[in-house]
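The values are calculated or read from the model by the stated rules, or taken from the named source; none is laboratory data. Source: prediction; values computed, not measured. Positions of Cβ are backbone-derived with ideal geometry, glycine not excepted, and every protein chain shown enters the neighbour counts. Each accessible area value is taken on the protein alone, full model and side chains, heavy atoms only, with ligands, DNA and RNA left out. Shrake-Rupley method; radii C 1.70, N 1.55, O 1.52, S 1.80 Å.
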Amino acid sequence: MKILVTAIGSMAADSVISSLRKSEPDTQIIGTDIYPSQWLKESKKVDLFYQVPKALDDGYIDFIYDICIDNNVKYIIPLIDFEVDLFSVHEERFTEVGITICISPLSAINICRNKYVTYHFFKETEEVDVIPSYNYHEIPAETVKYPIIVKPKKGRSSEGIFLIHDPELLCTKVFNNNELFFQPYMKGEVYTVDIVRDSYGNSVSIVRKELIRNRSGVGLTVCIKEDHILNLTAAVISERLDIKGAINIEFLFSEGSYYLMDINPRFSAGIRFSIGCGYDIVSNHLKCFKGLHIDKLSTIKGGIYY
(Lines give C-alpha, C1' and ligand atoms only; values in the text may rest on other atoms or scores of the structure.)
Protein backbone atom coordinates (compact mmCIF):
# COMPACT_ATOMS: atom_id res chain seq x y z
CA MET A 1 0.00 0.00 0.00
CA LYS A 2 1.13 3.55 -0.73
CA ILE A 3 0.17 6.69 1.20
CA LEU A 4 0.82 10.27 0.12
CA VAL A 5 1.37 12.82 2.90
CA THR A 6 1.27 16.47 1.87
CA ALA A 7 3.09 19.49 3.35
CA ILE A 8 5.76 17.44 5.09
CA GLY A 9 7.50 20.62 6.18
CA SER A 10 4.55 21.48 8.43
CA MET A 11 4.46 21.07 12.22
CA ALA A 12 2.48 17.81 12.30
CA ALA A 13 4.44 16.03 9.58
CA ASP A 14 7.15 14.36 11.66
CA SER A 15 4.58 12.82 14.03
CA VAL A 16 2.36 11.69 11.15
CA ILE A 17 5.19 10.02 9.26
CA SER A 18 6.60 8.37 12.40
CA SER A 19 3.18 7.02 13.36
CA LEU A 20 2.57 5.59 9.90
CA ARG A 21 5.98 3.89 9.99
CA LYS A 22 5.00 2.08 13.19
CA SER A 23 1.39 1.23 12.36
CA GLU A 24 1.87 0.52 8.63
CA PRO A 25 5.42 -0.91 8.41
CA ASP A 26 4.94 -2.36 4.92
CA THR A 27 3.53 0.85 3.48
CA GLN A 28 5.44 3.14 1.14
CA ILE A 29 5.14 6.78 2.19
CA ILE A 30 5.32 9.50 -0.46
CA GLY A 31 5.85 13.06 0.76
CA THR A 32 5.17 16.37 -0.96
CA ASP A 33 5.97 19.98 -0.13
CA ILE A 34 6.44 23.33 -1.83
CA TYR A 35 10.09 23.44 -0.74
CA PRO A 36 12.97 21.33 -2.12
CA SER A 37 13.98 18.15 -0.31
CA GLN A 38 17.32 19.65 0.72
CA TRP A 39 15.48 22.11 2.95
CA LEU A 40 13.32 19.53 4.73
CA LYS A 41 14.59 16.99 7.24
CA GLU A 42 11.30 15.09 6.88
CA SER A 43 12.14 14.36 3.24
CA LYS A 44 14.70 11.84 4.54
CA LYS A 45 11.94 10.00 6.40
CA VAL A 46 9.73 9.27 3.38
CA ASP A 47 10.35 6.73 0.62
CA LEU A 48 9.75 9.17 -2.21
CA PHE A 49 9.53 12.97 -2.30
CA TYR A 50 8.04 15.46 -4.77
CA GLN A 51 8.31 19.22 -4.74
CA VAL A 52 4.88 20.54 -5.73
CA PRO A 53 3.19 23.89 -6.47
CA LYS A 54 1.43 25.77 -3.69
CA ALA A 55 -2.10 24.60 -3.02
CA LEU A 56 -3.47 27.96 -4.15
CA ASP A 57 -1.62 27.80 -7.47
CA ASP A 58 -3.22 26.57 -10.67
CA GLY A 59 -2.20 23.04 -11.43
CA TYR A 60 -1.76 21.82 -7.86
CA ILE A 61 -4.53 19.23 -8.03
CA ASP A 62 -3.39 18.00 -11.44
CA PHE A 63 0.17 17.66 -10.11
CA ILE A 64 -0.94 15.61 -7.09
CA TYR A 65 -3.30 13.52 -9.21
CA ASP A 66 -0.49 12.59 -11.60
CA ILE A 67 1.79 11.62 -8.69
CA CYS A 68 -0.93 9.36 -7.31
CA ILE A 69 -1.61 7.69 -10.65
CA ASP A 70 2.10 7.19 -11.42
CA ASN A 71 2.73 5.63 -8.00
CA ASN A 72 -0.54 3.76 -7.43
CA VAL A 73 -1.31 5.75 -4.28
CA LYS A 74 -4.19 4.43 -2.18
CA TYR A 75 -4.58 7.16 0.48
CA ILE A 76 -3.85 10.89 0.67
CA ILE A 77 -3.38 12.59 4.04
CA PRO A 78 -3.44 16.41 3.71
CA LEU A 79 -1.82 18.29 6.60
CA ILE A 80 -2.65 21.98 6.08
CA ASP A 81 -5.86 23.97 5.77
CA PHE A 82 -5.54 25.17 2.17
CA GLU A 83 -4.96 21.62 0.97
CA VAL A 84 -7.90 20.27 2.96
CA ASP A 85 -10.09 22.96 1.38
CA LEU A 86 -8.93 22.08 -2.10
CA PHE A 87 -9.12 18.30 -1.77
CA SER A 88 -12.60 18.55 -0.29
CA VAL A 89 -14.00 20.05 -3.51
CA HIS A 90 -12.01 17.74 -5.82
CA GLU A 91 -12.48 14.55 -3.82
CA GLU A 92 -14.69 12.84 -6.40
CA ARG A 93 -11.95 12.99 -9.03
CA PHE A 94 -9.71 10.89 -6.79
CA THR A 95 -12.34 8.48 -5.49
CA GLU A 96 -13.28 7.62 -9.08
CA VAL A 97 -9.84 6.04 -9.52
CA GLY A 98 -9.78 4.32 -6.12
CA ILE A 99 -7.85 6.96 -4.16
CA THR A 100 -9.18 7.84 -0.69
CA ILE A 101 -8.60 11.35 0.63
CA CYS A 102 -8.48 11.13 4.41
CA ILE A 103 -10.63 14.12 5.35
CA SER A 104 -14.10 14.72 6.75
CA PRO A 105 -17.11 15.30 4.46
CA LEU A 106 -17.27 18.55 2.50
CA SER A 107 -20.31 19.70 4.47
CA ALA A 108 -18.36 19.48 7.73
CA ILE A 109 -15.27 21.15 6.30
CA ASN A 110 -17.31 24.09 5.00
CA ILE A 111 -18.65 24.69 8.50
CA CYS A 112 -15.29 24.24 10.23
CA ARG A 113 -13.35 26.49 7.87
CA ASN A 114 -15.63 29.51 8.26
CA LYS A 115 -15.61 30.72 11.85
CA TYR A 116 -18.72 32.84 11.42
CA VAL A 117 -20.63 29.87 9.99
CA THR A 118 -19.29 27.74 12.87
CA TYR A 119 -20.83 30.17 15.35
CA HIS A 120 -24.27 30.02 13.74
CA PHE A 121 -24.14 26.24 13.40
CA PHE A 122 -23.54 25.72 17.13
CA LYS A 123 -25.19 28.72 18.78
CA GLU A 124 -28.37 26.73 19.51
CA THR A 125 -26.49 23.63 20.69
CA GLU A 126 -27.06 23.40 24.44
CA GLU A 127 -23.82 21.53 25.18
CA VAL A 128 -21.59 24.02 23.32
CA ASP A 129 -20.86 27.59 24.42
CA VAL A 130 -19.93 29.91 21.56
CA ILE A 131 -18.47 33.41 21.47
CA PRO A 132 -20.98 35.93 20.03
CA SER A 133 -19.96 36.68 16.45
CA TYR A 134 -21.14 39.43 14.12
CA ASN A 135 -20.92 40.59 10.56
CA TYR A 136 -20.12 44.29 10.23
CA HIS A 137 -23.76 45.38 10.02
CA GLU A 138 -24.77 43.14 12.95
CA ILE A 139 -22.50 44.70 15.58
CA PRO A 140 -24.71 45.94 18.46
CA ALA A 141 -23.24 49.45 18.52
CA GLU A 142 -25.05 50.55 21.67
CA THR A 143 -24.08 47.59 23.82
CA VAL A 144 -20.79 46.28 22.43
CA LYS A 145 -17.83 46.70 24.74
CA TYR A 146 -14.36 47.59 23.51
CA PRO A 147 -11.91 46.31 22.61
CA ILE A 148 -13.47 44.01 20.03
CA ILE A 149 -11.53 41.46 18.04
CA VAL A 150 -11.54 41.28 14.24
CA LYS A 151 -10.88 37.96 12.51
CA PRO A 152 -10.89 36.63 8.96
CA LYS A 153 -13.79 34.21 8.58
CA LYS A 154 -11.46 31.68 6.95
CA GLY A 155 -8.30 32.56 8.82
CA ARG A 156 -5.62 30.13 9.97
CA SER A 157 -2.79 30.07 12.52
CA SER A 158 -3.90 33.35 14.16
CA GLU A 159 -3.18 35.24 10.93
CA GLY A 160 -4.96 38.55 10.30
CA ILE A 161 -6.37 38.91 13.82
CA PHE A 162 -6.31 42.33 15.51
CA LEU A 163 -8.10 44.43 18.12
CA ILE A 164 -10.12 47.63 17.76
CA HIS A 165 -10.06 49.85 20.85
CA ASP A 166 -11.70 52.97 19.40
CA PRO A 167 -15.33 52.92 18.15
CA GLU A 168 -14.49 55.59 15.58
CA LEU A 169 -12.02 53.25 13.90
CA LEU A 170 -14.81 50.77 13.31
CA CYS A 171 -16.54 53.30 11.07
CA THR A 172 -13.78 53.15 8.45
CA LYS A 173 -14.75 51.39 5.23
CA VAL A 174 -12.00 48.81 5.53
CA PHE A 175 -14.05 46.87 8.09
CA ASN A 176 -17.18 46.70 5.94
CA ASN A 177 -15.76 43.54 4.45
CA ASN A 178 -17.60 40.25 4.05
CA GLU A 179 -14.34 38.35 4.67
CA LEU A 180 -14.16 39.63 8.27
CA PHE A 181 -16.25 39.09 11.38
CA PHE A 182 -16.24 40.55 14.88
CA GLN A 183 -16.30 39.21 18.43
CA PRO A 184 -16.06 40.65 21.94
CA TYR A 185 -12.51 40.36 23.23
CA MET A 186 -12.35 37.77 25.99
CA LYS A 187 -9.38 36.91 28.15
CA GLY A 188 -8.83 33.34 29.20
CA GLU A 189 -6.88 30.12 28.90
CA VAL A 190 -6.66 28.11 25.70
CA TYR A 191 -7.56 24.42 25.64
CA THR A 192 -7.31 22.25 22.57
CA VAL A 193 -8.77 18.82 21.84
CA ASP A 194 -7.54 16.24 19.36
CA ILE A 195 -10.45 13.96 18.51
CA VAL A 196 -10.86 11.07 16.08
CA ARG A 197 -14.26 9.66 15.08
CA ASP A 198 -15.01 6.62 12.92
CA SER A 199 -17.97 5.83 10.65
CA TYR A 200 -19.62 3.84 13.43
CA GLY A 201 -19.93 6.87 15.73
CA ASN A 202 -17.08 5.90 18.06
CA SER A 203 -14.83 8.76 19.12
CA VAL A 204 -11.75 9.24 21.29
CA SER A 205 -10.39 12.62 22.34
CA ILE A 206 -7.37 13.99 24.17
CA VAL A 207 -7.65 17.34 25.99
CA ARG A 208 -4.70 19.60 26.67
CA LYS A 209 -4.31 23.00 28.23
CA GLU A 210 -1.89 25.24 26.33
CA LEU A 211 0.68 26.57 28.78
CA ILE A 212 3.09 28.19 26.30
CA ARG A 213 2.04 29.09 22.74
CA ASN A 214 3.95 30.79 19.96
CA ARG A 215 2.57 33.70 17.94
CA SER A 216 1.02 31.35 15.42
CA GLY A 217 -1.03 29.70 18.15
CA VAL A 218 1.04 26.51 18.31
CA GLY A 219 1.31 24.95 21.77
CA LEU A 220 4.92 24.49 22.87
CA THR A 221 4.30 23.35 26.45
CA VAL A 222 0.97 21.78 27.37
CA CYS A 223 -0.77 19.96 30.21
CA ILE A 224 -2.67 16.82 29.21
CA LYS A 225 -5.98 16.54 31.07
CA GLU A 226 -7.52 13.17 31.87
CA ASP A 227 -11.30 12.67 31.95
CA HIS A 228 -12.14 16.31 31.23
CA ILE A 229 -15.53 17.91 30.50
CA LEU A 230 -14.22 18.90 27.06
CA ASN A 231 -14.07 15.23 26.08
CA LEU A 232 -17.87 15.27 26.13
CA THR A 233 -18.13 18.64 24.41
CA ALA A 234 -15.79 17.56 21.62
CA ALA A 235 -17.81 14.37 21.12
CA VAL A 236 -21.00 16.42 20.71
CA ILE A 237 -19.31 18.73 18.19
CA SER A 238 -17.89 15.88 16.13
CA GLU A 239 -21.23 14.05 16.10
CA ARG A 240 -23.18 17.13 15.01
CA LEU A 241 -20.74 17.69 12.15
CA ASP A 242 -20.61 13.97 11.28
CA ILE A 243 -16.82 14.13 11.40
CA LYS A 244 -14.82 11.28 9.93
CA GLY A 245 -11.23 10.88 11.03
CA ALA A 246 -9.20 13.27 13.16
CA ILE A 247 -9.78 16.98 13.75
CA ASN A 248 -8.68 19.53 16.30
CA ILE A 249 -10.97 21.80 18.32
CA GLU A 250 -9.85 24.89 20.26
CA PHE A 251 -11.62 26.38 23.27
CA LEU A 252 -11.21 29.47 25.43
CA PHE A 253 -11.80 29.00 29.16
CA SER A 254 -13.15 32.33 30.38
CA GLU A 255 -15.18 33.22 33.46
CA GLY A 256 -15.99 29.60 34.23
CA SER A 257 -17.08 28.48 30.75
CA TYR A 258 -15.37 26.76 27.82
CA TYR A 259 -16.11 28.70 24.65
CA LEU A 260 -15.66 27.14 21.23
CA MET A 261 -13.09 29.14 19.24
CA ASP A 262 -11.95 27.14 16.23
CA ILE A 263 -12.44 23.77 14.57
CA ASN A 264 -9.52 22.62 12.43
CA PRO A 265 -10.52 19.72 10.12
CA ARG A 266 -7.00 18.28 10.12
CA PHE A 267 -4.30 17.17 12.55
CA SER A 268 -3.23 19.81 15.03
CA ALA A 269 0.32 21.12 15.03
CA GLY A 270 0.61 19.55 18.49
CA ILE A 271 -0.56 16.06 17.51
CA ARG A 272 2.68 14.73 19.02
CA PHE A 273 1.33 15.50 22.50
CA SER A 274 -1.70 13.25 22.02
CA ILE A 275 0.46 10.45 20.65
CA GLY A 276 3.04 10.94 23.40
CA CYS A 277 0.49 10.62 26.20
CA GLY A 278 -0.68 7.22 24.99
CA TYR A 279 -3.16 7.35 22.09
CA ASP A 280 -2.13 7.22 18.45
CA ILE A 281 -4.52 9.62 16.74
CA VAL A 282 -2.74 9.21 13.40
CA SER A 283 -3.01 5.42 13.03
CA ASN A 284 -6.64 5.58 14.15
CA HIS A 285 -7.33 8.35 11.65
CA LEU A 286 -6.27 5.98 8.89
CA LYS A 287 -8.46 3.20 10.33
CA CYS A 288 -11.48 5.46 9.84
CA PHE A 289 -10.86 5.52 6.09
CA LYS A 290 -10.20 1.80 5.92
CA GLY A 291 -13.68 1.20 7.30
CA LEU A 292 -12.36 -0.08 10.63
CA HIS A 293 -13.34 0.67 14.21
CA ILE A 294 -10.91 2.94 16.02
CA ASP A 295 -9.10 1.68 19.10
CA LYS A 296 -10.75 2.27 22.43
CA LEU A 297 -8.99 4.58 24.86
CA SER A 298 -7.33 2.57 27.61
CA THR A 299 -5.13 4.87 29.66
CA ILE A 300 -3.33 8.09 28.93
CA LYS A 301 -0.61 9.71 30.96
CA GLY A 302 -1.66 13.18 32.08
CA GLY A 303 0.76 15.91 33.02
CA ILE A 304 3.04 18.44 31.40
CA TYR A 305 4.55 17.82 27.96
CA TYR A 306 6.90 19.97 25.92
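Summary of values
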{"item": "Greater than 23 Å apart at Cα, pairs in LYS244/LYS290; LYS44/LYS225; LYS123/LYS153; LYS2/LYS244; LYS225/LYS296", "result": "LYS44/LYS225"}
{"item": "GNM result for the chain, Cα springs below 10 Å: residue of ASN110, ASN177, ASN284 fluctuating most strongly", "result": "ASN177"}
{"item": "Exposure ranking of GLU91, GLU159, GLU189 by accessible area [1.4 Å probe, largest first]", "result": "GLU159, GLU189, GLU91"}
{"item": "The chain, dipole about Cα centre (Lys/Arg Cβ +1, Asp/Glu Cβ -1), debye to the nearest 20", "result": "700"}
{"item": "Surface share of carbon and sulfur [accessible, 1.4 angstrom probe, percent] for the range 113-167", "result": "50"}
{"item": "Accessible area per residue, Å², the chain with all protein chains present, probe 1.4 Å", "result": "49"}
{"item": "Most fluctuating residue given options SER216, SER19, SER203, as computed from a GNM of the chain linking Cα atoms under 10 Å", "result": "SER216"}
{"item": "Among ARG213, ARG113, ARG156, residue whose mean-square fluctuation peaks in a GNM of the chain (springs only between Cα atoms under 10 Å)", "result": "ARG213"}
{"item": "Listed residue (LEU86, TYR50, TYR65) projecting farthest to the positive dipole end of the range 40-104, Cβ model", "result": "TYR50"}
{"item": "Largest to smallest accessible area among HIS120, HIS228 [probe 1.4 Å]", "result": "HIS120, HIS228"}
{"item": "Solvent-accessible surface ranking, highest first, for ASP129, ASP262 at 1.4 angstrom", "result": "ASP129, ASP262"}
{"item": "Helix-only mean residue ellipticity at 222 nm for the chain, each DSSP H run of n ≥ 4 adding -39500 (n - 2.57), per residue, nearest 500", "result": "-8000 deg cm²/dmol"}
{"item": "Lys, Arg +1 and Asp, Glu -1 on Cβ, resulting dipole of the range 185-272 about Cα centre, debye, nearest 20", "result": "300"}
{"item": "Candidate aspartates and glutamates for bridging to LYS209, where Cα separation is under 18 Å - those fewer than 8 sequence places away on the same chain excluded", "result": "ASP129, GLU189, ASP194, GLU226, ASP227, GLU250, GLU255, ASP262"}
{"item": "Cleavage-rule hits, trypsin sites (Lys or Arg not before Pro), the range 10-75, DSSP coil, Cβ neighbours within 10 Å at most 16", "result": "LYS54"}
